[in-house]
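Some notes on the structure that comes next.
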Amino acid sequence: MILYGEAATLTAQNMGRTGPTSTNPGGAPWASLLVIAFLFTVISAVVAGVSVRHGMRWLGWGWTATSVLSTLASAYVLWRLA
């Protein structure tokens, strides 16, 4: 069982061997962008549906356009991940 002080000592000893920690963990930024774009697509589609249901056609068209654009952004991010 490693205690806190021992873990800190081992970490300090290994820092020179492992080198600097990378700030870019691979595909994580693209994956997080995909999740954000997908959530924005779903939210804008729901808001567009509510807008049309309540008789606000122009607002519904605007949110529909936003939904389509965020879908295209999601497709681009997915393409970059593949």
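Close amide H contacts of Met56 (hydrogens built in the peptide plane, cut-off under 5 Å, sequence separation of 5 or more or a different chain): none are found. Can you tell me the FRET efficiency between Arg57 and Leu78 if r is taken as the Cβ-Cβ distance and R0 is 25 Å, rounded to the nearest 0.05? The value I calculate is 0.20. Computed over the range 22-82, the P(r) tail beyond 16 angstrom holds 49 percent of alpha carbon pairs.
Each reported figure results from applying straightforward, stated rules to the coordinates on display, with no laboratory input. This structure is a prediction, so every number in the text was calculated from the model and none was measured. FYI the Cβ positions are ideal-geometry reconstructions off the backbone, even for glycines, and counts take in every protein chain you see.
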